[in-house]
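Below is one structure, written out as structure tokens; the observations come after it.
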Amino acid sequence: MPFCVDRSKFMSLRMAYSVMRWFGPSQMQWHYEHGLVLQSIFLLGLKTGREDLCSYVKSMYDTVISPKGRILTYRGSDFNLDQINPGKTLILLYEKYGEEKYNIAIETLRDQIRNHPKTNSGGYWHKLIYPYQMWLDGLYMHMPFYAKYSQKYDIMSDFNDIVFQFMLITTYAKDKKTGLLYHAWDESRQEKWANPNTGCSSHFWGRAMGWYCMALVDTLEFFPKTLDKQYLFLKEISKDLIPVLLKYQDEQSGLWYQVMDRGGDKDNYTETSASSMFIYFLLKMIRLGLISNKFFIIKLKKIIKKAYNGLLEHKLQEDNFGGIHLIDICKVAGLGGTPYRDGSYEYYVSEPAVTDDFKGLGPFILASMEMEEQGMAPVTLIFTKGKNYKL
């Protein structure tokens, strides 16, 4: 019988313990999704001083890191940026526990970045199987790791490359009319999904925008302010996203749509992972002092609280053991491949929406942590059994 989750805890803790209830070491894989949710739990453990959360994450990672630092199932020859994402937690583990195996694994991932293939313009391919393509997803998968590593070892020259990657994707994938960024850009214009003139995909997928927003704010956290021009560039493109996000927020629920600019269209829906990512992004922008206007911050916090309450009201459910669950998480969405994903509106809204996908749970924990740290979330939340929670 599963252990009960304490209903009196903050939402971040309730979700973390809900994940721990059913996700065990035998299920651990070297995968960006697992890295995402475990990073959120480890950060929560550090923030709250709960050693059980940190030791849980360590036990999970120790199933895929050999005593000599080899990452089991990792294939560097795939040159897949997704495989970099779990490395952020490796750095945290090394800082806390000091075991050399973590450092060796970290260097393996840094070597991938050194040797990773690039577009002719200098952007990292999303994967070897997706040549000459930059995806918004990929920036989240490796930029924060790259920045944290460069900060840790004081490699200032790396930050020029980091800024350049954001500059490239902003230059080629940003739509001037909406301010949103397309899911991906194909420099070669060879993919069927790519616009023959711009190389961009056709639509603004919510989670891709979420990955991009989190990539920016998580990179800025480690970016040296002494590099004032580069820091200012990242800060400004991050701030430019705020009115764009608010423009496409659903007025009724406070959430954001699977296809961001098509709210109300057939089969479109408010999607949980993207909404969590945007809440996290906006709150972290405030916490890091990247927004200076106090009156705007007050207004923005009201908008964010509406969005978070929208998650609690429309996307959160409780089980009989106090565990909480998130619904309406897009299972996956990509471009190209086999069977071919054409990037059409019909494609994005046809991908299944599932419950408790880690791509939603991790950002929800991160968003909840930010809500709680900034005094915007209640401590105790009581569910009506069998119904979605309502605040």
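The values are calculated or read from the model by the stated rules, or taken from the named source; none is laboratory data. Because the structure is predicted, anything quoted here is derived from the model rather than measured. Counting neighbours? That spans all protein chains shown, and the Cβs are built from the backbone with ideal geometry, glycine included.
Per-residue answers, yes or no, for (1) among the aliphatic types (A, V, I, L, M); (2) assigned to a helix (DSSP H, G or I); (3) buried (at least 24 other Cβ atoms within 10 Å of the Cβ):
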{"position": "Ala274", "(1), (2), (3)": "yes, yes, yes"}
{"position": "Phe278", "(1), (2), (3)": "no, yes, yes"}
{"position": "Leu290", "(1), (2), (3)": "yes, no, no"}
{"position": "Lys299", "(1), (2), (3)": "no, yes, no"}
{"position": "Lys302", "(1), (2), (3)": "no, yes, no"}
(request) Within region 27-49, track down each residue that is over 23 Å from Glu100 (Cα atoms) and either assigned to a loop (DSSP other than H, G, I, E, B) or hydroxyl-bearing (Ser, Thr, Tyr) (or both). (result) Thr48, Gly49
(request) Please find, among Lys229, Lys225, Lys192, Lys266, the residue that is farther than 22 Å from Ser368 by Cβ and part of a helix (DSSP H, G or I). (result) Lys229
(request) Under 8 Å between Cβ atoms, at least 6 apart or on separate chains: pull out the pairs that start in region 103-120 with a residue that is over 29 Å from Asp186 (Cβ atoms) and end on any residue that is surrounded by fewer than 17 Cβ atoms within 10 Å (Cβ to Cβ) and not hydrophobic (A, V, I, L, M, F, W, C). (result) Ile104/Lys68; Ile104/Arg70; Ala105/Arg70
(request) State the number of residues belonging to region 222-233 that are surrounded by 15 or more Cβ atoms within 10 Å (Cβ to Cβ) and not hydrophobic (A, V, I, L, M, F, W, C). (result) 2
(request) Taking Asp52 as meeting all but one of (1) part of a helix (DSSP H, G or I); (2) in contact (Cβ under 8 Å) with a residue 24 or more places away in the chain; (3) over 28 Å from Lys118 (Cβ atoms); (4) not small (Gly, Ala, Ser), write down the number of the exception. (result) (2)
(message) Looking at the structure I just gave you, is Gly254 in a loop (DSSP other than H, G, I, E, B), over 16 Å from the mean Cα position of the chain (by Cα) and surrounded by fewer than 16 Cβ atoms within 10 Å (Cβ to Cβ)?
(response) no
(request) Kindly check whether there is at least one residue in region 15-22 that is in a helix (DSSP H, G or I), among the aliphatic types (A, V, I, L, M) and over 19 Å from the mean Cα position of the chain (by Cα). (result) yes
(request) Go through region 326-359 and give me each residue that's touching a Leu at 6+ places or on another chain (Cβ under 7 Å), crowded, with 16+ Cβ neighbours inside 10 Å and either β-branched (Val, Ile, Thr) or under 13 Å from Ser12 (Cα atoms) (or both). (result) Leu326
(message) Here are the criteria: (1) touching a residue at least 24 places away in the same chain (Cβ under 8 Å); (2) in a helix (DSSP H, G or I); (3) aromatic (Phe, Trp, Tyr). Tell me which single one Tyr347 does not satisfy.
(response) (1)
(message) Being closer than 17 Å to Lys247 by Cβ, in contact with a helix residue (DSSP H, G or I) (Cβ under 7 Å, 6 or more places away or on another chain) and free of Cβ contacts under 8 Å to residues at least 60 places away in the same chain is the filter here; which residues of region 174-217 pass it?
(response) Leu181, Tyr182
(request) Could you please tell me which pairs satisfy a Cβ distance under 9 Å, a separation of 6+ or placement on different chains, a first residue in region 219-233 that is over 10 Å from Val163 (Cβ atoms), and a second residue that is among the aliphatic types (A, V, I, L, M) and in a helix (DSSP H, G or I)? (result) Leu220/Ala147; Leu220/Leu234; Leu220/Met285; Glu221/Ala147; Phe222/Ala147
(request) Would you mind telling me which numbered condition in (1) of a type outside the set (S, T, N, Q); (2) assigned to a loop (DSSP other than H, G, I, E, B); (3) touching a His at 6+ places or on another chain (Cβ under 7 Å) Ala208 fails? (result) (2)
(message) Looking at (1) out of contact with any Pro (no Cβ under 9 Å at 6 or more places or on another chain); (2) small (Gly, Ala, Ser); (3) closer than 25 Å to Ser368 by Cα; (4) surrounded by fewer than 21 Cβ atoms within 10 Å (Cβ to Cβ), which one does Gly76 not meet, given that it meets all the others?
(response) (3)
(request) Return only the number of the condition from (1) assigned to a helix (DSSP H, G or I); (2) farther than 28 Å from Lys118 by Cα that Asp218 does not satisfy. (result) (2)
(request) Could you tell me which residue of region 353-390 is modelled with the lowest pLDDT, considering only residues that are assigned to a loop (DSSP other than H, G, I, E, B) and either touching a His at 6+ places or on another chain (Cβ under 8 Å) or closer than 24 Å to Cys213 by Cβ (or both)? (result) Asn388
(request) Please work out which residue is surrounded by the fewest Cβ atoms within 10 Å (Cβ to Cβ), limiting yourself to region 123-160 and to residues that are more than 22 Å from Asp240 (Cβ to Cβ) and among the charged types (D, E, K, R). (result) Asp154
(message) So, Glu318, is that one in contact with a Phe, Trp or Tyr (Cβ under 6 Å, 6 or more places away or on another chain), farther than 29 Å from Ser201 by Cα and charged (D, E, K, R) or not?
(response) yes
